[in-house]
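Asker: Got a structure for you, written out below as structure tokens; questions coming shortly.
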Amino acid sequence: MFRKLFALSLIVTLLIVGVAPSTADEAPADWQADLAWAEAAIPSGLDLALPEESTTRAATNPKLDSALAELAGTPGGERSGVAASDGLRLENGRVQVQLVVDEGDEAAARQAVEQAGGEVTGSFAGVMQAWLPPDQLTTLAALDVVDYIQMPPTAVPAEDDALAAMTEGVAAANAAAWHTAGWRGQGRRVAIIDGGFQGYTSLLGVDLPQTVTVKNFVDGQTDAQVNGTTSHGTACAEIVHDMAPMAQLYLLKISTDIDLSEAVSYAISQNVDIISTSLTFINVTPGDGTGRFATLAQNARNKGILWVTAAGNYRETHWSGTFKDTDGDGLHEYASGVEVNVFGPGNGQAYLIPGGASLSLSIRWDDWTAVNQDYRLLLLRHDGSAFQIVGSSDNPQKGMPGQRPTERISYVTSGSAAIYGVAVQRMSSNRDVYLHLLTPNRKLDRRIPSMSLGNLADVPAVLTTAAVDAKSPFPREAYSSEGPTNGPGGAPTGGAVKPDLAAFANVSTRSYGTRGFNGTSAATPHVAGAAALVFNAYPVSLPGEVQDYLATWAVDQGLAGKDTQFGYGRLLLGSPPSPWDYDYHSFVPSVMSNR
Ligand SMILES: [Ca+2]
Ligand SMILES: [Ca+2]
Ligand SMILES: [Ca+2]
């Protein structure tokens, strides 16, 4: 999930050719690679021989994600290759999975996992995370106490670019004036939860505080391995430190949603004031502000924590709409006669994608309660004369417990450069569902900017952050995900206005270099650091009061008032309160003038 290697190769490319760092209108790391890809005309016509039953996977098991069914059906010697291409963690002969289990069945399920040679590593809200021998998947899935076995959803960093160092956001948000007035975040605790903090030790006392608290919630890893995987979290921590130089920092490493719940519990136990997450999840919830992340965030807020999170970078990599099949061939039509949504720059051309490029594609649809509308996701490659199926996701949607209305493909291209595209096939369905297609960091030719938030960003009890460039006039970043959220159950209407605020991207950190940190990832820790200053000045505030304070002072951009691109507007702290008038500052003044 974390494209560390890709990021590193970009750095090398930039150094070698000496090009200027990314500017406001440029896209993030992976997209800059896209820009180097040649383009070709989109082939017309699609004549796929579509099997009614899935053939590209092992026979579908109604209680297993199709990638796990494929792994179970693969001979032992070939499993590591299958796991790698499907994005599964297979270590020491065991695969990391999540079991959906009814509350009363947890003990029995745990015992069954252990008897099968597996190990339960955590659980949250009816989902148990575990290591399991692949040979035992089918047996475990067949048990009555196990509703379903799924792939663990992993956090997607809202990173764009990986390229000394003080973020330009300090000046842009007027934080320097607060520092001068004595508000530096002293006495405040900020938890940065991320996929990795590579290189943090070398920045202690320079670009980070002298000491930080680290903890690793990734299964099978030690706390020392917080210093690994990616420097994405390190760059985020640098920004919080620039904004609130005396705040105490917690660097908490996670991979899955279960890990996230553990990190949040830990943050609560440490009396943290602010959580900052520059990541999203995909296909975990309907995107309507409900579900496991909503529960987690409300719990944190009830404990006095302001949780700031990234909107996501999916505005150009998202399509949504109602399934439509006018020619009756089972394939969705994005427009009249258009059944393949090719990867492309958005100008009616297709990318010629070289071998070795990673593609990740997901669909979800509005059937989270009944889960009896079965659709299929197809990845297609054009071989010069026709599109061929090179990947499919065939999860079961048969109305059984634990099943979800989602499909996902991870794929690494091979062979000569070619056009790739995405199709959606109706398998068994009696209504036209409302679909979301997300292809993180790979632009689609047919795209819908609205409702492109990642999961977690849709939650009411978090402060969701969009990205603007750090230089005046602070234009919106083209990738910054837009609201609104989905309506109830994943419906296309009836959602809430998100994001909540906009902050700065294309900023400088030691980790990524001058103006090298891009994405809603970079924007989020600016808000977290600003919140630490407000909590510092008004120490008995509730998280909602600090959020209101930031919203009130924000500079409105785009449509007047709170909108689905900038929220309340661009982060600006206003003038600092006097540090001497302590009584006055024991609570946040009600400054709601521009709401
Ligand atoms: Ca069709
Ligand atoms: Ca399906
Ligand atoms: Ca506005």
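Asker: Within region 256-347, considering only strands (runs of 3 or more DSSP E) that don't extend past its boundaries, which have at least 1 residues that are under 25 Å from GLY402 (Cα atoms)?
Answerer: The qualifying strands (runs of 3 or more DSSP E) are 318-322.
Asker: Checking the conditions here, which among SER358, SER336, SER362, SER385 is in the same structural domain as ALA418 (by TED's automatic domain parsing), in contact with a helix residue (DSSP H, G or I) (Cβ under 8 Å, 6 or more places away or on another chain) and small (Gly, Ala, Ser)?
Answerer: SER358
Asker: Does THR485 count as closer than 20 Å to LEU208 by Cβ and either hydrophobic (A, V, I, L, M, F, W, C) or assigned by TED's automatic domain parsing to the domain that holds ALA244 (or both)?
Answerer: no
Asker: Counting only residues that are of a type in the set (A, V, I, L, M) and either over 20 Å from ASN61 (Cα atoms) or within 16 Å of ligand 1 (Cβ to nearest atom) (or both), which one in region 389-417 is surrounded by the most Cβ atoms within 10 Å (Cβ to Cβ)?
Answerer: Once the filter is applied, the top-ranked residue is VAL390.
Asker: Condition (residue is farther than 20 Å from THR524 by Cα, surrounded by 21 or more Cβ atoms within 10 Å (Cβ to Cβ) and either at pLDDT 95 or above or under 24 Å from the mean Cα position of the chain (by Cα) (or both)) applied to region 153-175: is it met by at least one residue?
Answerer: Looking for residues that are farther than 20 Å from THR524 by Cα, surrounded by 21 or more Cβ atoms within 10 Å (Cβ to Cβ) and either at pLDDT 95 or above or under 24 Å from the mean Cα position of the chain (by Cα) (or both), one finds at least one in region 153-175, hence yes.
Asker: For the subset of region 273-331 comprising residues that are away from ligand 1 (no atom under 16 Å from the Cβ) and on the phi > 0 side of the Ramachandran plot, which member is surrounded by the fewest Cβ atoms within 10 Å (Cβ to Cβ)?
Answerer: The qualifying residue surrounded by the fewest Cβ atoms within 10 Å (Cβ to Cβ) is GLY304.
Asker: Let me ask something else about it. What about ASP458, is it buried (at least 20 other Cβ atoms within 10 Å of the Cβ), out of contact with any Phe, Trp or Tyr (no Cβ under 7 Å at 6 or more places or on another chain) and in the same structural domain as ALA496 (by TED's automatic domain parsing)?
Answerer: Criteria met by ASP458.
Asker: So which residues in region 227-248 are buried (at least 24 other Cβ atoms within 10 Å of the Cβ) and either out of contact with any Asp or Glu (no Cβ under 9 Å at 6 or more places or on another chain) or part of a loop (DSSP other than H, G, I, E, B) (or both), if there are any at all?
Answerer: THR230, SER231, ILE239, VAL240, MET243, ALA244, ALA247
Asker: Having 1 or more residues that are polar (S, T, N, Q) is the bar; report the strands (runs of 3 or more DSSP E) wholly within region 380-469 that clear it.
Answerer: Ranges flagged: 387-393, 406-412, 419-428, 463-469.
Asker: Can you tell me which condition PRO440 does not meet? The list is (1) farther than 28 Å from VAL101 by Cβ; (2) within 16 Å of ligand 1 (Cβ to nearest atom); (3) touching a helix residue (DSSP H, G or I) at 6+ places or on another chain (Cβ under 9 Å), and all the others hold.
Answerer: (2)
The values are calculated or read from the model by the stated rules, or taken from the named source; none is laboratory data. It should be emphasised that the depicted structure is a prediction, and the values quoted were computed from it without experimental measurement. Ideal geometry is used to build each Cβ from the backbone, glycine not excepted, and the neighbour counts take in all protein chains shown.
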